[in-house]
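Heads up, the thing below is written out as structure tokens.
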Protein chains: 2
Amino acid sequence: MYDIAIIGGGPAGVSAAINAKVLGKNFIWLSSRATSKKVGQAELIKNYPGLPDITGNELAWTLKNHTESMGIEIKEEVVTGVYETGGKFSLLAGKETYDAKTVILCLGVETSKPVAGEDEFLGRGISYCATCDGLLYKGKTIAVLCTDKHFEHEAEYLCDIAGKAYVMPLYRGYNITSSKAEIILKSPVEFRGDMKIREVIFKDGKIDVDGVFVLRGAVSPATLVHGLETNGGHIVVGRDCSTNIDGIFAAGDCTGRPYQYIKAAGEGNVALHSAIEYLAKNKV
Amino acid sequence: MYDIAIIGGGPAGVSAAINAKVLGKNFIWLSSRATSKKVGQAELIKNYPGLPDITGNELAWTLKNHTESMGIEIKEEVVTGVYETGGKFSLLAGKETYDAKTVILCLGVETSKPVAGEDEFLGRGISYCATCDGLLYKGKTIAVLCTDKHFEHEAEYLCDIAGKAYVMPLYRGYNITSSKAEIILKSPVEFRGDMKIREVIFKDGKIDVDGVFVLRGAVSPATLVHGLETNGGHIVVGRDCSTNIDGIFAAGDCTGRPYQYIKAAGEGNVALHSAIEYLAKNKV
């Protein structure tokens with residue numbers, strides 16, 4: 001029986017694991033990958049305080065080295081279910097079951113319904129983060145797939161930076177005002193290129209681009225934990241990163257925007273401290 | 001008129017400033033010191049993900065170098081008041097006034113509590129600003145509460161102006177050389193007076209004064225911003241780091257526990273993004 005089970009290998013999970021180790025807790029850390037795929041694919045990160053101009057790949061390895069230097073191990077397993085039994089939790093991972101008194105969910109966000117070629121060109125001209133990668137496309141030609149009105153200010157920001165921006169709002173009542181935006185009212189069916197993305201393909205034509213930004217929400221993690229309260233695909237948490245289920249905490253992108261590495265790392269720390277407080281209070 | 005004013009030079013302020021720069025916002029960054037004193041004093045930090053086993057001093061300089069590498073400047077000024085006028089904010093700092101559409105408070109936590117009566121006599125004989133109010137006390141008797149070596153030059157300046165100055169250094173290794181300074185090595189427990197402050201009370205005595213200068217890095221949040229909701233000395237914020245005052249956000253230790261560098265850096269990022277969203281929504 002572990003005190004704490006941490007699920008997820010991104011910055012939130014790393015931060016939670018480091019603090020669990022520092023505080024001498026008996027914990028297990030599970031992730032589908034040894035390092036975050038999403039972090040590794042970021043082209044250039046300018047806003048992780050203390051690590052200026054670091055590539056996603058460098059950040060992923062820097063975080064991995066930090067945990068390894070402390071003797072922290074990550075179990076590369078996909079957790080497919082979290083079940084509560086008598087105030088404790090059982091985690092299913094493949095054929096294994098792990099029991100823990102508390103769980104910290106650092107699940108990231110899953111992109112829904114990717115466009116053909118999206119996975120392939122992620123980090124090679126396709127980005128999910130205007131703040132992170134926008135400046136790489138200063139004066140260039142980009143396409144912006146905007147799936148929700150909520151992201152319009154990011155789309156506008158990208159238009160300001162780009163030389164030319166094709167904006168594809170996938171909803172009604174869009175309000176994009178940038179003079180550099182050319183609105184395209186159809187959905188892309190495929191992204192094509194060579195080493196980098198080059199073209200956005202539609203049913204009836206194509207456009208040439210230097211990069212593509214995909215601005216969209218997330219798939220709900222509620223399937224993982226039955227009864228977990230979510231809102232718009234994000235886990236609902238308090239300031240202390242507690243969820244609606246006693247003993248389960250959440251941190252990072254899965255708790256909502258902004259999707260930022262440093263925000264995730266900060267929440268991983270908060271969630272871990274809240275879990276410690278929960279353990280102390282409940283003597284579970 | 002700035003889009004954003006960031007107050008505070010710790011990890012939260014650094015994080016907010018970096019993101020403001022990345023997003024091309026017109027912002028000003030004010031802090032009593034170029035680097036966080038509190039960060040600098042930490043012996044060894046093991047839980048800032050990506051920077052294993054870093055001393056506080058190293059972290060402070062790493063953060064400073066990050067901002068400098070991006071051409072971000074910090075103005076070394078103590079903000080003593082934030083006033084709302086017509087949905088915008090005026091910041092008083094020394095003799096200067098800065099106007100901004102939004103404010104991000106990264107004030108940290110003050111280890112020294114306000115003295116009883118401090119709030120009551122603020123502006124009625126108590127001042128936080130030597131430069132602003134010093135000349136009002138030419139030839140008069142003042143007390144100077146100096147909380148940090150960093151402010152000794154302000155204390156000396158006040159001694160030069162005053163007829164008589166009682167200086168209370170609340171730290172070790174003070175070096176006040178003015179012949180007009182009478183050093184008192186104890187802490188005041190209360191300020192008393194009528195319409196104006198008249199007396200500084202100690203456990204075992206009192207002194208008569210015409211005015212009192214309190215020189216510290218930050219004033220308490222509720223004193224700084226009239227009407228700001230606090231709880232147990234912490235600024236009450238939502239998940240988006242918004243306060244009860246539209247357009248004012250807060251991040252870092254001043255929003256509550258855990259007092260952790262990475263939590264502060266994460267919140268600085270969140271607060272900045274919330275300020276951007278506020279600006280976009282309100283078109284202020």
Query raised in the report: Conditions: (1) of a type in the set (D, E, K, R); (2) under 21 Å from B:A264 (Cα atoms); (3) touching a strand residue (DSSP E or B) at 6+ places or on another chain (Cβ under 7 Å). B:K64 meets all but one. Number of the miss?
Result: (3)
Report summary line: Conditions (1) in contact with a strand residue (DSSP E or B) (Cβ under 7 Å, 6 or more places away or on another chain); (2) of a type in the set (S, T, N, Q); (3) open to solvent by 60 Å² or more (accessible area, probe 1.4 Å) -> A:S90 fails only (3)
Query - Meets criteria (within 19 Å of the chain's Cα centre (by Cα), closer than 21 Å to A:G24 by Cβ and either among the small types (G, A, S) or open to solvent by 10 Å² or more (accessible area, probe 1.4 Å) (or both)) for A:I54 - result: no
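Matching residues to (1) closer than 23 Å to B:W61 by Cα; (2) touching a residue at least 60 places away in the same chain (Cβ under 8 Å); (3) of a type in the set (D, E):
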{"site": "B:K88", "(1), (2), (3)": "no, yes, no"}
{"site": "B:L92", "(1), (2), (3)": "no, no, no"}
{"site": "B:L105", "(1), (2), (3)": "yes, yes, no"}
{"site": "B:K113", "(1), (2), (3)": "no, no, no"}
Report task. Tell me which of these A:A275 doesn't satisfy, since it passes every other one: (1) of a type in the set (G, A, S); (2) part of a loop (DSSP other than H, G, I, E, B); (3) out of contact with any Leu (no Cβ under 8 Å at 6 or more places or on another chain). Result -> (2)
Query - Residue among B:I142, B:I184, B:I161, B:I207 that is in contact with a Cys (Cβ under 9 Å, 6 or more places away or on another chain) and open to solvent by less than 50 Å² (accessible area, probe 1.4 Å) - result: B:I142
**Report entry** The lone exception for A:N26 - which of (1) free of Cβ contacts under 8 Å to residues at least 12 places away in the same chain; (2) of a type in the set (S, T, N, Q); (3) in contact with an Asp or Glu (Cβ under 7 Å, 6 or more places away or on another chain) it fails
**Finding:** (1)
Report summary line: Subset of the range B:35-46, residues touching a residue at least 40 places away in the same chain (Cβ under 8 Å) and open to solvent by 30 Å² or more (accessible area, probe 1.4 Å), comes to B:K37, B:K38
Query raised in the report: In this structure, does B:T230 turn out to be β-branched (V, I, T), closer than 28 Å to A:S242 by Cα, in contact with a Pro (Cβ under 7 Å, 6 or more places away or on another chain) and free of Cβ contacts under 8 Å to residues at least 24 places away in the same chain?
Result: yes
Query - Hits in the range B:119-142 (condition: more than 22 Å from B:E96 (Cα to Cα) and touching an Asp or Glu at 6+ places or on another chain (Cβ under 9 Å)) - result: B:K140, B:T141, B:I142
Query raised in the report: Only one residue in B:G134, B:G81 is under 24 Å from B:F27 (Cβ atoms), open to solvent by less than 30 Å² (accessible area, probe 1.4 Å), of a type in the set (G, A, S) and out of contact with any Cys (no Cβ under 9 Å at 6 or more places or on another chain). Which one?
Result: B:G81
**Report entry** Test: A:A165 is in contact (Cβ under 8 Å) with a residue 12 or more places away in the chain, of a type in the set (G, A, S) and in a helix (DSSP H, G or I)
**Finding:** no
Requested in this report: Looking only at the range A:108-122, decide whether some residue is over 30 Å from B:V22 (Cα atoms), in contact with a Phe, Trp or Tyr (Cβ under 6 Å, 6 or more places away or on another chain) and either among the basic types (K, R) or open to solvent by 10 Å² or more (accessible area, probe 1.4 Å) (or both).
Outcome: no
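Here's the yes/no breakdown for (1) under 14 Å from the mean Cα position of the chain (by Cα); (2) part of a strand (DSSP E or B):
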{"site": "B:L91", "(1), (2)": "yes, yes"}
{"site": "B:V109", "(1), (2)": "yes, no"}
{"site": "B:R124", "(1), (2)": "no, no"}
{"site": "B:I142", "(1), (2)": "no, yes"}
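The values are calculated or read from the model by the stated rules, or taken from the named source; none is laboratory data. On a predicted model such as this, the values are computed, not experimentally measured, just so you know. FYI the Cβ positions are ideal-geometry reconstructions off the backbone, even for glycines, and counts take in every protein chain you see. Surface areas here come from the heavy atoms of the whole protein model, side chains and all, with no ligands, DNA or RNA. Shrake-Rupley method; radii C 1.70, N 1.55, O 1.52, S 1.80 Å.
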